[in-house]
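Let me begin by presenting the structure, written as structure tokens, before commenting on it.
The values are calculated or read from the model by the stated rules, or taken from the named source; none is laboratory data. None of these values were measured; they are calculated from a predicted model. Heads up, the Cβs are rebuilt from the backbone with ideal geometry, glycines too, and the neighbour counts pull from every protein chain shown.
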Amino acid sequence: MRAVLSGLAMLVAASTFGNEALAAPVHAISMHGEPALPADFKNFPYVNPNVKKGGKISYGVVGTFDSLNPFILKSMRTTARGMWDPAFGNLVYESLMQRSQDEPFTMYGLLAETVEWDDDRTFIQFNLNPKARWADGQPVTPEDVIFTFELMRDKGRAPFSNRLSKVSKMEKVGDRSVRFTFNDDVDREFPLLLALSPVLPKHAINVDTFDRTTLEPPLGSGPYRVAEVRAGERIVYRRNPDYWGKDLPSKVGLDNYDEISVEYFLQENSLFEAFKKGEVDVYPEGSATKWARGYDFPAVRSGDVIKDTFTPRTPSGMLGFVFNTRRPMFDNIKLRQGLALVFDFEWVNKNLFDSAYTRTQSYWQNSSLSFLGAAADDRELGLMGDVRERINPTILDGSYRLPVTDGSGRDRNVLREAVTLLREAGYAIKDGKMVDAKGKPLAFEIMSQNAGQEKIALAYQRFLAPLGIVATVRTVDDSQYQQRSQSFDYDVIIKSFPSSLSPGVEQVGRWGSQSRDRQGSENFAGVADKDVDKLISNILQARTTEDFTAAVRSHDRLLVSNAYVVPLYHLDAQWVARWKHIGRPATVPLYGYQLPTWWDERVQ
């Protein structure tokens with residue numbers, strides 16, 4: 001098997017590393033502050049440590065898959081769910097450490113039993129658990145870790161392909177440790193991202209074919225093995241009875257089924273019908289209308305299906321129409337601001353969603369990281385520097401709110417304000433059409449993915465029409481949507497930007513200049529702005545909680561001021577329906593419900 005070519009030396013470390021040798025091994029690492037759980041913790045607080053394992057669960061998703069490799073670009077959007085999965089769990093592959101869902105960003109031991117680092121985070125050393133094993137019984141080694149990072153750099157997809165960009169030296173230390181020493185480009189979040197990285201078995205990987213799609217069941221160190229594959233239709237995982245980590249504190253109360261299946265459907269309606277028949281056990285609901293009106297079927301009335309509402313303590317995130325600023329028309333901030341005002345949330349919420357939603361005004365709404373109601377203080381103003389001159393004064397002082405319309409879909413006061421902005425952008429209404437200085441009509445296409453998105457897009461089309469703006473709505477199939485999304489081939493698209501209490505390098509992927517032209521990135525708006533880059537850098541370099549909060553707020557202010565997105569709405573709750581034989585813990589962690597902690601009540 002050909003070795004991966006490496007520009008980084010793999011060295012056996014000496015017994016000391018200068019002052020770095022003073023670093024003591026710790027059981028957990030946290031982005032800010034100290035880990036909440038002590039070294040002798042028994043389990044996460046949001047699991048049932050006494051759960052009876054066994055039984056099975058069936059998940060359902062809309063889409064297809066043609067690969068079992070989640071780490072390459074070719075199968076970025078079509079990898080079988082569950083291989084490396086934030087919702088269903090990392091069933092086959094494992095990371096160096098396990099993230100707690102009850103803390104903003106804290107990692108506990110998994111493949112790495114302990115960690116060493118210095119206060120300045122110039123290096124991190126992962127000390128592997130001597131019990132860690134692949135499913136074939138071979139030990140997980142430092143050579144596996146080094147091999148994986150080099151393989152991902154050469155043949156993986158982002159963000160895995162970028163993990164070594166901030167590493168000056170990667171080396172084996174002793175028998176079971178790997179140390180990463182960082183270069184000057186490193187930020188304080190980066191060591192934790194390394195801890196989140198997967199590890200693959202060197203002895204079971206064909207480097208030459210790694211970047212090709214495959215349905216061959218892989219070898220992992222995780223709690224499950226791939227048992228059955230029907231391409232694009234179904235994948236089944238079965239518990240590995242010899243899983244090495246089942247008694248780790250970070251894994252107690254997790255991975256509770258003997259069998260997990262993921263069923264694929266072409267449409268959301270088909271998935272919901274399968275849930276109603278009991279072919280799928282759990283159904284996360286995202287439609288307020290359906291949650292209010294669509295659950296009057298026999299299994300709900302009899303109590304066989306239970307409707308759960310969860311309240312996470314996390315930011316709202318942002319869902320909205322995204323303007324592709326790669327298109328010349330949308331590179332005009334006044335145009336974007338004017339178009340954003342035209343969307344009548346009050347009409348949509350009342351007529352389409354039974355008034356279930358809250359208008360989103362900030363990327364970190366419902367958290368201390370949001371600018372809403374918080375004037376920029378001296379600390380934040382100092383971090384922003386001259387960038388403050390670009391920010392709307394009402395956003396800078398925290399008083400900004402999107403206008404509340406009369407709900408008619410044609411609120412004259414709001415439309416008048418929008419027309420003023422469009423005029424400043426160089427547009428005017430002539431003969432009933434909104435045109436630029438050359439007489440070219442203002443027209444664009446909104447690409448939607450499904451019926452739900454199409455409904456919102458059609459409403460927006462209706463609001464734009466009285467101003468003489470032509471918005472064409474085009475709903476495309478899943479494969480075309482993914483292809484056009486990855487290549488940025490659209491005018492306007494509907495996208496969600498989830499937010500956490502520990503934003504970091506993902507902001508570079510969404511808004512950073514370096515991701516603008518990288519196909520497959522999440523920079524859907526095509527942002528390349530040195531001021532945005534500066535404010536993201538402030539987030540990544542923050543050392544204290546106060547600096548971090550100020551940095552995120554300033555970034556939030558600039559994003560909202562620049563109007564890359566027409567903000568839509570969010571729920572302050574999570575809705576999930578489940579068949580009653582699926583049990584769950586009573587405790588809900590910071591980030592909301594966690595499917596890997598649920599279990600089959602039928603197990604005796």
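Against the test of being in a loop (DSSP other than H, G, I, E, B), touching a helix residue (DSSP H, G or I) at 6+ places or on another chain (Cβ under 7 Å) and of a type in the set (D, E, K, R), the options 163, 153, 188 yield a single qualifying residue, 188.
Here is a yes/no grid of residues against (1) crowded, with 16+ Cβ neighbours inside 10 Å; (2) closer than 19 Å to residue 549 by Cα; (3) touching a strand residue (DSSP E or B) at 6+ places or on another chain (Cβ under 6 Å):
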| residue | (1), (2), (3) |
| --- | --- |
| 347 | yes, no, no |
| 350 | no, no, no |
| 355 | no, no, no |
| 360 | yes, no, yes |
| 365 | yes, yes, no |
| 368 | no, yes, no |
| 372 | yes, yes, no |
| 377 | no, yes, no |
| 381 | no, yes, no |
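The residue of the range 486-514 that is farthest from residue 318 (Cα to Cα), among those that are of a type in the set (Ser, Thr, Tyr) and in contact (Cβ under 8 Å) with a residue 40 or more places away in the chain, is 490.
Quick one: would you say residue 69 is within 30 Å of residue 548 (Cα to Cα), polar (S, T, N, Q) and in a loop (DSSP other than H, G, I, E, B)?
Judged against the criteria, residue 69 is not a match.
Assessment of the range 396-415 against the conditions (at pLDDT 95 or above, part of a helix (DSSP H, G or I) and under 28 Å from the mean Cα position of the chain (by Cα)) yields at least one matching residue.
Say whether the condition of being over 20 Å from residue 166 (Cβ atoms), of a type in the set (Gly, Ala, Ser) and not in a helix (DSSP H, G or I) is met by at least one residue in the range 503-512. Scanning the range 503-512, I find no residue that is over 20 Å from residue 166 (Cβ atoms), of a type in the set (Gly, Ala, Ser) and not in a helix (DSSP H, G or I), so the answer is no. In summary, helices (runs of 4 or more DSSP H) completely within the range 268-334 and bearing 2 or more residues that are surrounded by 17 or more Cβ atoms within 10 Å (Cβ to Cβ) occur at 268-276, 288-293. Taking the stated definitions as given, is residue 493 under 17 Å from residue 342 (Cα atoms), at pLDDT 95 or above and part of a strand (DSSP E or B)? So residue 493 fits the description; yes.
Residues that are among the hydrophobic types (A, V, I, L, M, F, W, C), crowded, with 21+ Cβ neighbours inside 10 Å, outside any strand (DSSP E or B) and in contact with a Ser or Thr (Cβ under 9 Å, 6 or more places away or on another chain) do not occur anywhere in the range 430-442.
Could you pull out the residue among 145, 178 that is under 28 Å from the mean Cα position of the chain (by Cα), in a strand (DSSP E or B) and modelled with pLDDT of 95 or more? Exactly one of 145, 178 is under 28 Å from the mean Cα position of the chain (by Cα), in a strand (DSSP E or B) and modelled with pLDDT of 95 or more, namely 178.
The residues of the range 275-306 that are of a type in the set (S, T, N, Q) and at pLDDT 95 or above amount to a single one, 302.
Applying the criterion of being over 16 Å from residue 88 (Cβ atoms) and of a type in the set (A, V, I, L, M, F, W, C) to the residues of the range 230-259, the residue that is surrounded by the fewest Cβ atoms within 10 Å (Cβ to Cβ) is 231. When you look at residue 454, is it among the charged types (D, E, K, R), surrounded by 14 or more Cβ atoms within 10 Å (Cβ to Cβ) and more than 25 Å from residue 516 (Cβ to Cβ), yes or no? Spelling it out, residue 454 is indeed among the charged types (D, E, K, R), surrounded by 14 or more Cβ atoms within 10 Å (Cβ to Cβ) and more than 25 Å from residue 516 (Cβ to Cβ). On inspection, residue 32 fails the criterion of being closer than 29 Å to residue 117 by Cβ, at pLDDT 95 or above and not aromatic (Phe, Trp, Tyr). Residues of the range 445-493 that are within 22 Å of residue 570 (Cβ to Cβ), touching a Ser or Thr at 6+ places or on another chain (Cβ under 6 Å) and of a type outside the set (D, E, K, R): 448, 457. Taking every residue in the range 148-163 that is modelled with pLDDT of 95 or more and pairing it with any residue that is polar (S, T, N, Q) and not in a helix (DSSP H, G or I), at least 6 positions away or on another chain, the pairs with Cβ-Cβ distances below 9 Å are 148/197; 149/197; 150/6; 152/197; 153/6; 154/6.
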